[in-house]
1. Of all the residues that make up the range 84-119, how many are open to solvent by 90 Å² or more (accessible area, probe 1.4 Å) and closer than 16 Å to Arg29 by Cβ?
2. Tally the residues that are surrounded by fewer than 18 Cβ atoms within 10 Å (Cβ to Cβ) and out of contact with any strand residue (DSSP E or B) (no Cβ under 8 Å at 6 or more places or on another chain), restricting the search to the range 70-83.
3. Can you name every residue in the range 27-56 that is within 18 Å of Trp94 (Cα to Cα) and either under 11 Å from the mean Cα position of the chain (by Cα) or touching a residue at least 60 places away in the same chain (Cβ under 8 Å) (or both)?
4. Of Gly44, Gly6, Gly39, which residue is at pLDDT below 80, open to solvent by less than 50 Å² (accessible area, probe 1.4 Å) and not basic (Lys, Arg)?
5. Considering only the range 47-66, how many residues are surrounded by 10 or more Cβ atoms within 10 Å (Cβ to Cβ) and out of contact with any strand residue (DSSP E or B) (no Cβ under 7 Å at 6 or more places or on another chain)?
6. Under 6 Å by Cβ, and 6 or more places apart or on different chains, what pairs join a residue from the range 88-114 that is assigned to a loop (DSSP other than H, G, I, E, B) with one that is small (Gly, Ala, Ser) and surrounded by 14 or more Cβ atoms within 10 Å (Cβ to Cβ)?
Amino acid sequence: MAKRFGFKLRKLSKERRQQAAFANLKQYRDQILGLAWQGFLQYGVGAIHFQETEDDGTINYIQRQNVSDPEVLQVIDRNDPQLSAVVLYDYNGWYDILTLSGSRKPQECYDELPAHLKK
């Protein structure tokens, strides 16, 4: 008989990581929305890809044409980039697909991005 030792521990770890991810997204929401708008203007429809690392993370913009996951494509296709951004929060092996919005629109957030973040 097989037993799943550690399953509950892994699940709790995943939940804790998701809570930290949501806190990061909330803290940097306006910057992420601004970067999503910048990506949309430069590359067209797509999603923000946030790759979590031990100390920090990296943010990239992925064009829709470079996405193969049908679930992600569905979320991208339903998203209005003028109102929100699709974010793939990558935990090194699995990811959450989120739609991020705020009190300000992505265009407004882009206008207020620090110069070093604008390309």
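1. Of the residues in that region, 4 qualify.
2. Qualifying residue count, the range 70-83: 8.
3. Answer for the range 27-56, where residues must be within 18 Å of Trp94 (Cα to Cα) and either under 11 Å from the mean Cα position of the chain (by Cα) or touching a residue at least 60 places away in the same chain (Cβ under 8 Å) (or both): Ala47, Ile48, His49, Phe50, Gln51, Glu52.
4. So the residue among Gly44, Gly6, Gly39 that is at pLDDT below 80, open to solvent by less than 50 Å² (accessible area, probe 1.4 Å) and not basic (Lys, Arg) is Gly6.
5. Matching residues across the range 47-66 total 2.
6. Ser101/Ser84; Leu113/Gly34
The values are calculated or read from the model by the stated rules, or taken from the named source; none is laboratory data. No experiment lies behind these values; they were computed from the predicted model shown. Don't worry about glycine lacking a Cβ; one is built from the backbone with ideal geometry, like all the others, and counts go over all protein chains shown. Ligands, DNA and RNA are excluded from the accessible area calculation, which covers all protein heavy atoms including side chains. Shrake-Rupley method; radii C 1.70, N 1.55, O 1.52, S 1.80 Å.
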